[in-house]
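Bear in mind these aren't lab numbers, they're just calculated from the coordinates by the rules spelled out. All figures in this text were calculated on a predicted structure; none of them were measured in a lab. In this analysis, Cβ positions are derived from the backbone assuming ideal geometry, glycine residues included, and neighbour counts consider all displayed protein chains.
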Amino acid sequence: MFDSLIHLNFNNLQLKDDLLFIDSAIENYQSLIDLATPSSEIVILDSLQNGIEQISKQLAQYHNLESIQIVSHGQAGSVQFGNSQLNLDTLDFYDEQIKNWGNALSEKGDILFYGCNVAIDQDGKDLIQELSDITGADIAASKDLTGNSALGGNWDLEIQTGKIESARVFPPEVTEVFEGILHSDDALIDEADATHVAITNGSWFDPNTWQNGKLPTDGAQVLIPEGIRVNYTQESNNRLYTLRVDGTLNFSSKSNTKMLVDTLFVASEGKLFIGNLNNPIQANKTAQIIFTSDKAIDTQWDTEQLSRGLISQGKVQIYGADKLDFVALKKDVLAGERELILNLPTGTNTPQGWQVGDQLVLGGTSYNNKGSDRDNSRFQDEVLTITAIDGNKISFTNNDIAAGDNQLLRFDHKRPDGYKNRLNLYVANTTRNVSFETENGDSVPVNHRGHVMFMHNPNVVVQNAGFYNLGRTDKNKLIDDPSQNVDGTKGSGTNPRGRYSLHFHRTGADDWNGSAAIAKGNAVVGSPGWGIAHHDSHVNIEYNVVFDVVGTGIAAEAGNEIGTWRNNITIKTTGDDSYRPDLEPSSKRVNRFDFGFNGEGYWVQGAGQIDIVDNIAISAESAGIVHYGGGDGGQQVRDAQTIAVKNLPSQYQSLAKGTGDESVIDVSAVPLRKLSGFESYNSRMGMNFWATLKNLDNQLEIDGATASSKPPAHNFHSQVKDFKVWNNRSAGVSFIYASQVDLKNGLIVGNRLNPKGKGIVGNSGSMNNNFANLYIDGFEYGLQIPFDQDQSRNNSSITNVTFAHNIQNFNTRKFNDGTPTGYSSYFEIVNSKFNIVENNTSPTAKFTHKTLGGFAVQFDASDSFDTDSSEKNLDGKGIVSYGWDFDNDGRIDKFGRQVGHYFNSAGDKNITLTVWDNQGATQTLTQTINLVSQAYENLIVDGNFNSSNDTKDFSSAAANQGWSLADNWTRNSQIGNGGAATVSKNMVKGIGQSVFDEGMRRGNQTLTMNIKNTEGNNNLNQLTVTVWGVNGEFRNSAWDIQGPQQVGTLPMKRKQLLQKTVGGDSFDWKNFSWDLNFGNGYEFIVFQANSKGIDPNKGDILAIDNISIK
């Protein structure tokens, strides 16, 4: 115990800007003292005394501190100060003391709380807001683990009530030097409640191991204290109530073991061992942990409903016997057949680890909308029990045949004709000899079931274990958390989130190169919610089998997850039938951050910084895999707003450039890290990309990225490679508000005999998607062409794509109101093949041309048409693509309905246009034009100010839209040549416009304009005229003459072509003329005129008119 507070660096009070309090209860707190910056005075709190009173007493001596920073243990909604806690329940008691904390701070002073999970929930956020209201200070606290990065911690204070301006007192290396984690012991199970306490190392079944020689029996509340190791070596039917492990619990690998328990809690210092890497549970032995379910959870004791299951904050190692998790069949099988022939891995003659009695699941290949999930007749998956193994031949009984001959298959399992050697059928083994399950799990109420959660510690290995009939979160229902929901509504706790079969919960997602939890070779069967949850964690999830779960098979929950998903298989994922409405931004699901409910094989939230490689999804009610970027509503309730840039691949390290804090980036603005080798069949869709890099005009910043002061802007694309999606009843691949996603090397296969659905489908908010080396076969529509808003930089393309057996190879997309968009203007078709239906009429190619000036020519193919197209009355008149050959070499030089080209010389030019219709049929037209150099027309739109179509946007996104007028400029139709622009306020702002010119204007040009200037009293009127040539997208400011600015990482180069300033004397519509040199041309031309010193209230007048560049 301390006699008094310990002060360091305190010679005279108020010599330091920052006052740092460190609770002495923190193990190894001396390392924090050594790390603290010299600008801070340090006070060590006595952990055995009231810490709030200690802090208050100390702060009474201070004024004008820049910050109060406190390091102590924390938990959700609560901070530990010595032997006192500060939370919403105690805040009123300490109100007067805490109010005085604000008196010690400067006007802009901050209070920073370093402690785990303080602001992780709504109670925590409410706590820091009330502290801010009481003290008048801006408050910052953490929503995750604070401490060593290897333990999943960091020292970021993610939740803030205002702008934190004070400097942190710890350097970045604190995440490595400090070895602990700042979390309170928020265990469900109080040590003091124990009825049976282990007192020495030994066997669970030896009375000498236990206090008073009393073995745990029915209803026991068991404690294994720190430093004690207990070996569990037998099967027991005693029904334990609780078991808290602060020491070590070790299950024997050489004998059958069984434990029945309501709640098993492993504390942060505890260890749970069930086998190990070198000595797993032997294949002929079993280890069973059964969660009792005979009564409801005691919500008086457990208000958060976290109990009933395995909840671990400690070190866990689980190793069952290894086995072949799933394997392809050697051939198709039909209803009535009695054996499966496996296509075993090279070098094996029998499936590793498979035994008679094991449960198998054979994925279905057909969908029956009148079938039942209960007997697997909807997706036609088959649940089988092995009766004999003969090499690669498996005999079985069929679990879904209740009477009669049950040693046969019920359904056909077939691949499409023509693809027998390119596609696989899969069977998975769901039996493991280490098991966690709910007692009578298939019949008890959902809220009686157990769950498994590994939290706050990455030191977890779960290998070759089974998780059966677990999980309480029901993804067929809206999330309803205890106390309060994330949308601010009152929670009743009828459906808490996060109670899943196998859940990695906030184990730390701070460092890609740090420690990862491991889930390998496991089986998850039967859950009302997700199978495997990967939440704010670094986890490697590999070779797992998930069968018969609701919502999603494997889910990344927060959006900042890192790690690997490799060689997993999900079969039969069902869910909410309200597919589109429940994902609309205004829906209750979105605003409660309640996703992954439709029956997806895999749900990838947010940044998608997981290596997703060679995974399989079968019989998904929704899509085999969904990436939901998080920029399409609900941003205010996102679990993770940002991801650390250091966790991105090297090519993405610049993504946060220009966003303010460049160490993090909004989770919705990141391309997928890796998605390759994916297979999906017998689902609604193979893959679905929703709000992946959502950017509705595909220009400048990414839409929906709200987590930084400036949204990110980049042109990186997500790359989806080497995939196979087939027999998916709605679409092969879907894009909803998804841009900059490329598909490469894929099979998208429907039904040749009865084509339905769409190969690739999307809405009008998806653009700039490219498709290469694909085979699209057997659909009503092969590809819905991405929208481009008639802008060439938004274009999409196909390269080396084969279309076969589709009723129509191309189709238009639709606006949100259901009306079709017409075909895009700049879609590119390169080296692609089409199986064209009989009786198709080829399109008709037509074009006109217009000389723009010099050797620049504008070509227009808008008159081309397709007479038998259902889209002939829409934009494009049924023409899908337009390809131009300008140099007569037989190769297409440019794509687009309207394109410009600059020739090197005058004379006759043979121009060839090729157009494609919706079947891929083409017609080619060659015309000879005689090019004669001409003077350019005026570049400036509405140079005489006769129009009224103005914009406030000075960026490249406003190109060709006319004038951008700042607040101090207005149109005046009573002056000039039918109108002019005049300065109306004394502000330093400008007027201008950007023109998308595509390099057509070259060489010497002349800028002319008329200016009226009337000087009032001071003769200070100024007008500065600038012209820029720009290649690339840009922002521009009306406030100054700095010119176009780069946005994010978008490439941009600029050159100032002119800057002239006029004024000082009065003149009436004086004509000014300046020479310009456009060289070889620019993508954009920017004209801007900025006023300075003009005060209309003092008689100043400045107006401009008749502006021309030609």
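Among the lysines, which have Cα under 25 Å from the Cα of Lys323 when same-chain residues fewer than 8 positions away are ignored?
Lys323 reaches Lys254, Lys258, Lys285, Lys315, Lys331, Lys393, Lys520, Lys572.
Where does each of Val546, Val174, Val626, Val197 land when they are ranked from fewest to most other beta-carbon atoms within 10 angstrom?
By the 10 Å Cβ count, ascending: Val197, Val174, Val626, Val546.
Projected onto the charge dipole of region 956-1109 (+1 at Lys/Arg Cβ, -1 at Asp/Glu Cβ, origin at the Cα centre), which of Gly1029, Gln1005, Pro1051 gives the Cα projection farthest towards the positive end?
Checking the options against the dipole of region 956-1109, the answer is Pro1051.
Can you give me the convex hull volume of the Cα atoms of region 22-62, divided per residue and expressed in Å³?
57
I need the trypsin sites (Lys or Arg not before Pro) found in region 372-459, filtered to DSSP loop residues with at most 13 other beta carbons within 10 Å of theirs.
Working: sites: Arg374, Arg378, Lys393, Arg410, Lys414, Lys420, Arg422, Arg432, Arg449; in loops: Arg374, Arg378, Arg410, Lys414, Lys420, Arg422, Arg432, Arg449.
Of the trypsin sites (Lys or Arg not before Pro), the ones in loops of region 372-459 whose Cβ has at most 13 other Cβ atoms within 10 Å are Arg374, Lys420, Arg422.
Which whole-number percentage describes the relative contact order of region 749-864, with Cα contacts under 8 Å and a sequence gap of 6 or more? Kindly include the intermediate steps, with their values, before the conclusion.
Details: 267 pairs, mean separation 25.7, N = 116.
About 22 percent, as a whole number.
Assign unit charges at the C-beta atoms only (+1 for Lys and Arg, -1 for Asp and Glu), then state the dipole size of region 37-138 relative to its Cα centre in Debye, rounded to the nearest 20.
Magnitude of the dipole: close to 280 debye.
How far apart, in nm, are the 7 Å Cα→Cβ label points at Ser870 and Asn421?
Label-label distance for Ser870 and Asn421, simple model: 3.6 nm.
Would you mind counting up the charge near Lys909? Only other residues with Cβ under 11 Å from its Cβ, with Lys and Arg at +1 and Asp and Glu at -1.
-3
Step through the table entries Lys475/Lys756; Lys1012/Lys1060; Lys985/Lys1070; Lys108/Lys143; Lys846/Lys1110; Lys989/Lys1092, compare each Cα-Cα distance with 18 Å, and write down the pairs that go over it.
Lys475/Lys756; Lys985/Lys1070; Lys108/Lys143; Lys846/Lys1110
To the nearest whole percent, what portion of all C-alpha pairs in region 324-427 is separated by more than 23 angstrom?
Numbers: 1309 of 5356 pairs.
The calculated P(r) of region 324-427 puts 24 percent of pairs beyond 23 Å.
So who's got an amide H within less than 5 Å of the one on Leu696, skipping anything under 5 residues away but keeping other chains? H placed 1.01 Å off N, in plane.
Asp703
For the modelled label position 7 Å from the Cα of Gln898 along Cα-to-Cβ, which residues of region 775-794 have backbone nitrogen atoms closer than 19 Å?
787-794
Only Cα pairs under 8 Å and at least 6 apart count here; give the relative contact order of region 848-931 as a rounded whole percent.
It comes to 28 percent, rounded to a whole number.
Provide the convex hull volume over Cα atoms per residue for region 213-362, in Å³. Before the final figure, lay out each step's value.
Details: hull volume 27.1 nm³, N = 150.
Once divided by residue count, the hull of region 213-362 is 181 Å³.
Looking at the calculated P(r) for the chain, what percent of the C-alpha pair distances fall above 61 Å?
Percent of Cα pairs beyond 61 Å in the chain: 22.
Which GluC sites (Glu not before Pro) in region 577-665 pass both tests, a DSSP loop state and at most 16 other beta-carbon atoms within 10 Å?
Taking region 577-665 and a limit of 16 other Cβ atoms within 10 Å, the loop GluC sites (Glu not before Pro) found are Glu662.
Quick one: grab Rg to one decimal and Dmax as a whole number for region 498-648, Cα atoms only, in Å.
Computed over the Cα atoms of region 498-648, radius of gyration and Dmax are 14.1, 40 Å.
From zero up to wherever the largest Cα-Cα distance of region 956-1109 sits, split into 5 Å bins and tell me the percent of pairs in each.
Calculated P(r), rounded to whole percents: 2, 9, 19, 22, 20, 13, 9, 4, 2, 0.
Taking only Cα atoms, what is the 0 to 90° angle, nearest 10, from helix 122-135's long axis to the longest principal axis of the chain?
Helix 122-135 sits at roughly 70 degrees to that axis.
Quick one: Karplus J couplings for region 958-965, per residue in order, coefficients 6.51, -1.76, 1.60, θ = phi - 60°, nearest Hz, x for Gly and Pro?
9, 4, 6, 9, x, 7, 9, 10
Could you tell me the extents of region 848-931's C-alpha atoms along the three principal axes, largest first, rounded to whole Å?
The principal-axis extents, from largest down, are 42, 24, 17 Å.
Going down the table (Lys952/Lys1053; Lys477/Lys657; Lys163/Lys1098), which pairs top 31 Å between alpha carbons?
Lys477/Lys657; Lys163/Lys1098
Please report how far the C-alpha centroid of region 324-350 lies from that of region 883-897, rounded to the nearest whole angstrom.
Computed from Cα coordinates, the inter-centre distance equals 52 Å.
Could you work out how far the C-alpha centroid of region 27-102 sits from that of region 443-467, in angstrom?
Here the two parts' Cα centres lie 36 Å apart.
Could you point to the residue in Thr1014, Tyr419, Asn688 farthest towards the positive end of the chain's charge dipole, with +1 and -1 charges on the Cβ of Lys/Arg and Asp/Glu respectively?
The one lying farthest along the dipole's positive direction is Tyr419.
In units of 2.2 N^0.38 Å, what is the alpha-carbon radius of gyration of region 584-678? Please report the intermediate quantities before stating the final value.
Details: Rg = 14.5 Å, N = 95, 2.2 N^0.38 = 12.4 Å.
Against the empirical 2.2 N^0.38 Å value, I get 1.17 for region 584-678.
Size of the dipole of region 848-931 about the Cα centre, Lys and Arg at +1 and Asp and Glu at -1 on the beta carbon, nothing else charged, in debye to 20?
Result for region 848-931 is approximately 200 debye, rounded to the nearest 20.
Run the numbers for Asn208 and Thr489: contour at 0.36 nm per residue of separation, minus the present Cα-Cα distance, in nm. Don't skip to the answer; put the middle values down first.
Working: separation 281, 0.36 × 281 = 101.16 nm, distance 5.26 nm.
Separation in residues times 0.36 nm, less the Cα-Cα distance, equals 95.9 nm.
Taking K and R as +1 and D and E as -1, what net charge do the other residues with C-beta under 14 Å from the C-beta of Gly979 add up to? Each step should come with its number before you reach the end.
Details: positive: Arg971, Lys1012; negative: Asp942, Asp950, Asp1105.
Within the 14 Å Cβ shell, the charges total -1.
On each of the three principal axes of the Cα atoms of region 287-330, give max minus min coordinate, whole Å, ordered largest first.
Largest first, region 287-330 extends 55, 26, 19 Å along its Cα principal axes.
What dipole magnitude, in Debye to the nearest 20, does region 956-1109 give about its Cα centre under +1 on Lys/Arg Cβ and -1 on Asp/Glu Cβ?
On the way: 14 positive and 13 negative charges, 39 e Å.
Rounded to the nearest 20 debye, it is 180 debye.
Can you run phi through the Karplus equation (6.51, -1.76, 1.60; θ = phi - 60°) for region 85-101 and list ³J(HN,Hα) in whole Hz, with x for Gly and Pro?
Values per residue, Gly and Pro as x: 10, 10, 8, 4, 6, 9, 4, 4, 5, 9, 3, 5, 5, 5, 4, 6, 4 Hz.
Over the chain, what relative contact order in percent results from Cα pairs under 8 Å that are six or more residues apart?
Dividing the mean separation by the residue count of the chain yields 5 percent.
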